[in-house]
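Shown next, in structure tokens, is the structure this report addresses.
The values are calculated or read from the model by the stated rules, or taken from the named source; none is laboratory data. This structure is a prediction, so every number in the text was calculated from the model and none was measured. As a convention, Cβ positions derive from the backbone with ideal geometry for all residues, glycine included, and neighbour counts pool all protein chains shown. Just so you know, the surface numbers come from the protein's heavy atoms only, side chains and all, with ligands and any DNA or RNA stripped out. Shrake-Rupley method; radii C 1.70, N 1.55, O 1.52, S 1.80 Å.
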Amino acid sequence: MKFNYVLKKGWIADSIFWLVYGAFWHFVFAPEPFSIYNAVFTLCMTLAQMATVYVHLNMLMPARDSRQMSVAAYGLLVALLTLLGSVLTWLLLYGVFSLIPYSEGLLASLRLAIFSYWLGPILGGMSTAVAVTGAAHIFIKRRDEERREKELEHEKVNTELQYLRGQLNPHFLFNALNGIYFMIPKNPDRAAEVLVGFSDLLRYQLYRSEDKLVPLSEELLYLERFAELSLMRLEDDFNYEMDIADKNSDCQIPPMLLLPLLENAFKHSPNRNGWIKGKLSLQNEDKLHLSLINNYEEDTKRDQQVNPNEKSGGIGLENIKRRLELLFPHNYQFKIRRTKGIFSVEIEIPLVPSPSLVAIG
């Protein structure tokens, strides 16, 4: 069974605690703080309080914490323990001063005035020690539990974010490689050109997707490259428009938040007569707003694919939504609409200033 210390830091920390605790009350109440008799008196009081406190922390509190003892029983036993600790204090004082010369006056006082004088100070000191150490132990225990819970939650969030990134990357790569595969027999030269551009995207995913933040300009650059690569494998009548207000912003965002949204729009738009319209703007230099609208073919199979709530499709959108919940809890907007062949997505997230700007500020 693990021994419970007051400060939960081991015997050295508790030794320092009791030294400070005893010295404090000694200099507050001792008539002559530098008298050897008063120092021995305080030492006896402190030793008896230590014994009582550790019985409380290692027997009564664990039984109460494990619900093996009711609140009423716990309170009654604490009161009884405090009383027994006070008796121990009296016995220790009487026994020690019986061995010290010239202590007849104190011994007579301990024997004759125990109820009229000594009971109050001894019982009060013992009650204070049990209460103070119990409260300190509970406070430190709860603080440690809260810290462990935060650490576990932090690890859980990091693990889940890594999982979501790992889920996203193969999904994204599969769509890009599939497009290049079908392009090779039709136009090998254009397929080679697409493959070179795809290598840049792959490099971005391999080396940047695990970063916590990337420059917004970098994310927008690869957004444009993905659009160019996607347009190469579509029909000439496909219409793509993207209005970007500020491509050179010094702000940062988590990587791979915008690319999957555009990838989803290209994936579900028809190759013939398809269109995508997007607008990206910065609001007050601290929020990014992106809206994407695309058409899609209205049939049962297609509807299931564009429906973000279906497990068979919309993997990227559900992934993005979960990442937003983890990265920006209660501080983002993510809206999805689908009406008669039109699918739209809106996202609004806070921007992070670049480290150089923060350092200058």
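A compact table of results
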read-out	value
Probe 1.4 Å - accessible area at GLU298, Å² to nearest ten	120
For the chain: accessible area per residue (Å², 1.4 Å)	58
Choice from LEU259, LEU202, LEU19 with maximal GNM fluctuation in the chain (Cα, 10 Å cutoff)	LEU19
Relative contact order %, the chain, counting alpha carbon pairs below 8 Å whose residues are six or more apart	11
Accessible surface of the stretch 1-101 [probe 1.4 Å, protein heavy atoms]: carbon and sulfur percent	76
Per-peptide average of other Cβ atoms within 10 Å, ordering 221-230, 3-12 highest first	221-230, 3-12
D_trans [Stokes-Einstein, Kirkwood Rh over alpha-carbon pairs] for the chain, 25 °C, 0.890 mPa s, µm² s⁻¹	91
Share of alpha-carbon pairs per 5 Å distance bin for the stretch 1-93, given as whole %	3, 13, 19, 19, 19, 14, 8, 4, 2, 0
Sequence ranges 130-140, 29-39, ranked by mean other-Cβ count within 10 angstrom, highest first	130-140, 29-39
Most to least accessible of HIS268, HIS154 (protein chains only, probe 1.4 Å)	HIS154, HIS268
Candidates LEU220, LEU60, LEU112, ranked by Gaussian network fluctuation over the chain, Cα under 10 Å, top entry	LEU112
Axial C-alpha extent at least 24 Å, average Kyte-Doolittle at least 0.0 - helices from the chain (DSSP)	11-29, 36-55, 71-98, 216-232
Exposure ranking of LYS279, LYS321, LYS186 by accessible area [1.4 Å probe, largest first]	LYS186, LYS279, LYS321
Accessible-area ranking of PHE328, PHE27, largest first, probe 1.4 Å	PHE27, PHE328
Distance from the stretch 204-241 to the stretch 12-51 (C-alpha centre basis), Å	72
Kirkwood-based Rg to Rh ratio, the stretch 1-40, C-alpha trace	1.16
Packing-based ranking, highest mean first, of 101-107, 283-289 given that Cβ atoms within 10 Å are counted	283-289, 101-107
